[in-house]
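J.: Mind having a look at this structure? Questions to follow.
Throughout, read-outs are computed from the coordinates displayed, never taken from laboratory work. Remember, it's a predicted structure, so these values are computed and weren't measured experimentally. No Cβ is skipped: glycine too gets one built from the backbone with ideal geometry, and neighbour counts run over all protein chains shown.
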Amino acid sequence: MENLSELAIVVDPERDNVAIARAFIPAGTPVLWQGHTLTVCADIPPGHRFALSSIPAGEWVRQYGQPFACSKGLAPGDPVNDETVESVVPPIDADRLVLQTPQLPAWEGPLPTFNGFHRADGQVGVRNWVLIVPTSMCSSHAAAQIAARAEMQGFYTRERYPNVDGVVAIPHTGGCGGPYPQAGACRRGTHENTLRILAQHIGHPNVGAALLIELGCEKTNLAAFDAYFGADGLTARSGKPVLRLSIQEDGGSQAVIARGLALVPELLAAADKVSRQPAPLSALALGLECGGSDAFSGLSANPALGRASDLLVRCGGRSVISEVPEFCGAEHLFAQRAVNRQVAADVFALLEWYRAYAAARGGHSLTENPSPGNKDGGLLNITIKSLGALAKSGNAPVVGVLDYGDWVWDHTASGVYMLNTPGYDPPSVTGLVGAGCQLVCFTTGRGSVFGNAIAPVIKIASNDALYARMPGDMDLNAGAVISGARTLPEMGRAIFDTILAVASGKQTKAEINGHREFNLWEIEGLLL
């Protein structure tokens, strides 16, 4: 007979009534728990749960000390799955929320710094890209061709432009068809968001110069940019060169690709004028993302990333957590960390908006969360997934709520921000970078490989098996927490040190593998 701690994990021994298997536990295994013996009644895969005590029908099943499902009648050792529990989101009374705004300890000793690219507008980048931006799907081919040929044909080399990371395009499918945002729409609609996200990538601290290309007749053409930001507003806002081409006015596709390539050396030379210099961590915004999660994500990678996020906030930095549907059932725990009641109310309001948005789309955004892969990894329902996902945000104060297309640097407070994005990782990460995050930490339990066009993405594996299978894609192995090789504080510090190294130029595995993804959230205007 083995002690339970050797076979499984109990997150909160005082309040939890389930345990999570570290590895496969066969049916019939006797386990010693708090002086009593229980027998596991069925095969329990890694990351899945079994009951520690009798849980009568109708009573809450708890992990992290929080309810996440209702028992259908569980005996000690019974598996916790769709047959034995009902996945019910616990009721939350926002009006009775008691704020418990945390206070992180002050940083002891000299504050760490990173070496970044100081921009004219006062922001600091961790990369220095020349960015080719199509205003719509209709100009995406030309933009992609210019970026690809610039590197393939030797326009860009590290030897010639040592301070530049390269030439990259952000092709996308937005900007042309579909309705304009309706007057009175809740939050912003698709085309306004497209303008804002593209402009914020041009103005991003990781970009040193940009070329903006239109077809000419699309809804987000150059005239639309001028109407929204003012003539030459992008250059004025970013303080960097932003050149323009029009496929319909400048001779067609091949002519624009040739003219774009002719402009690339000018843009590279402008970007190369800036070199890395020391910068404070108060100039850094970190995106917090999880994808392809499993039950171990909420026990290792996510809480370890939360520790790293807290260290960044203690140094004056800020973190941004996204994926609104993955707050469902746990939003009260996040809201109670708010710095005031208005911020707490904004958290609840965003969840209500997202529920209405999902309902208007036939429930698609919530009913497909967790994904089949999440469930295979032990994430039974949205509440247990949210409880684990929330751990990425650490214990720092929640200082603000951002809409998709908002800019985090319009706010002055250090702390954690919540950003409105879907639970789908590609548009969520694009939203984080579009909000001004210079780099992203991405935890995964199943194995996610995509990156970002202009921001480094640090991949953190939640378990040893994943890290062993995909060492060429994972930067860090938080599975060491599950195996006992590292404590959560040690893993959090390792992530923090990696953040500093990447911010100063160390390449991530996603960058080495050439991942440069960009994916807009084409949200439709929703009248409420």
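J.: Run the quick spin-label model on L111 and T157: label points 7 Å from Cα toward the beta carbon, then report their separation in nm to one decimal.
T.: A separation of 4.1 nm, rounded to one decimal place.
J.: Aspartates and glutamates within cross-link reach of K273: Cα-Cα under 17 Å, excluding same-chain residues under 8 positions apart?
T.: Once the sequence-local aspartates and glutamates are set aside, what remains near K273 is D121, E159, D165.
J.: With a ≥ b ≥ c taken as the square roots of the eigenvalues of the C-alpha gyration tensor of segment 81-179, please select rounded if a/c is under 1.5 and otherwise prolate if a/b is larger than b/c or oblate if it is not?
T.: oblate
J.: Using R₀ = 41 Å, calculate the FRET efficiency as 1/(1 + (r/R₀)^6) where r is the Cβ-Cβ separation of Q507 and E86; round to 0.05.
T.: Taking R0 as 41 Å, the efficiency between Q507 and E86 is 0.30.
J.: Related question: Pop out the ³J(HN,Hα) list for segment 453-458 in order, Karplus 6.51 cos²θ - 1.76 cosθ + 1.60 with θ = phi - 60°, rounded to Hz; leave Gly and Pro as x.
T.: 5, 10, 10, x, 10, 8
J.: Could you give the alpha-carbon Rg of segment 384-528 over 2.2 N^0.38 Å, rounded to two decimals? Kindly include the intermediate steps, with their values, before the conclusion.
T.: Numbers: Rg = 15.8 Å, N = 145, 2.2 N^0.38 = 14.6 Å.
Dividing the Cα radius of gyration by 2.2 N^0.38 Å gives 1.08.
J.: Dipole of segment 129-273 (Lys/Arg Cβ +1, Asp/Glu Cβ -1, origin at the Cα centre): which of A144, G216, G203 lies farthest to the positive side?
T.: G203
J.: Which ³J(HN,Hα) values in Hz, rounded to whole numbers, follow from the phi angles of segment 99-104 under the Karplus curve 6.51 cos²θ - 1.76 cosθ + 1.60, where θ = phi - 60° and Gly and Pro get x?
T.: Coupling constants for segment 99-104: 5, 10, 4, x, 10, 7 Hz.
J.: On to the next question. Run the dipole for segment 34-108 about the Cα centre, Lys and Arg Cβ at +1, Asp and Glu Cβ at -1, nothing else charged, and hand back the magnitude in debye, nearest 20.
T.: 120
J.: Now for a different question. Going by a ≥ b ≥ c, the root eigenvalues of the Cα gyration tensor, does segment 1-112 fall in the rounded group (a/c under 1.5), the prolate group (a/b larger than b/c) or the oblate group? Walk me through the numbers on the way to the answer.
T.: Details: a/c = 2.62, a/b = 1.41, b/c = 1.85.
Note, shape of segment 1-112 comes out oblate.
J.: Near the amide H of A169, under 5 Å away, which other amide H atoms are found, from residues 5 or more places off or on another chain, if H is placed in the peptide plane?
T.: Placed amide hydrogens put I132 under 5 Å from A169.
J.: Name the long-range amide H neighbours of E323: under 5 Å, sequence gap of 5 or more, or other chain; modelled H, no Pro or chain starts.
T.: T421
J.: Tell me, which longest segment in the chain has none of the chymotrypsin sites (Phe, Trp or Tyr not before Pro) that fall in DSSP loops with at most 14 further Cβ atoms within 10 Å?
T.: Values: sites that count: F24, W107.
Between exposed loop sites, the widest span is 108-528.
J.: Something else now. Among DSSP bridges having both ends in segment 129-273, what percentage is antiparallel? Round to the nearest 5. The partial results should precede the final answer.
T.: Working: 0 of 15 bridges.
Of the beta bridges lying entirely in segment 129-273, close to 0 percent run antiparallel.
J.: Moving on. Over all directions, what mean area does the Cα convex hull of segment 315-402 project, stated in square nanometres?
T.: 6.2
J.: Another question about this same structure. Provide the per-residue ³J(HN,Hα) series for segment 392-399, in order, calculated from phi with Karplus coefficients 6.51, -1.76, 1.60 and θ = phi - 60°, each as a whole number of Hz, with x at glycine and proline positions.
T.: Per-residue couplings from phi come out as 4, 7, x, 10, 6, x, 8, 9 Hz.
J.: Just want the ordering: R318, R516, from fewest to most Cβ atoms lying within 10 Å of their own Cβ. Working shown, then result.
T.: Details: R318 27, R516 19.
The order, fewest Cβ neighbours first, is R516, R318.
J.: Enumerate the lysines that K459 could reach by cross-link, defined here as Cα to Cα under 25 Å, with residues fewer than 8 away along the same chain left out.
T.: K459 reaches K375, K385, K392, K506, K509.
J.: Show the residues, 5+ positions off or on another chain, whose built amide H is closer than 5 Å to the amide H of V85.
T.: When sequence neighbours closer than 5 places are left aside, the close amide H contacts are K72.
J.: Translational D (Stokes-Einstein, µm²/s) of segment 129-273 at 4 °C and 1.567 mPa s when Rh comes from the Kirkwood sum over C-alpha pairs? Walk me through the intermediate numbers first.
T.: Working: Rh = 15.3 Å.
It diffuses with D of about 85 µm²/s by this estimate.
J.: For E249 and E2 in one chain, what is 0.36 nm times their gap in residues minus the Cα-Cα distance, to one decimal in nm?
T.: That works out to 81.4 nm of additional length.
J.: With unit charges on the beta carbon (Lys/Arg positive, Asp/Glu negative), name the residue among L402, L350, L288 whose Cα is farthest towards the positive pole of the charge dipole of segment 278-512.
T.: Looking along the dipole axis, the top candidate is L288.
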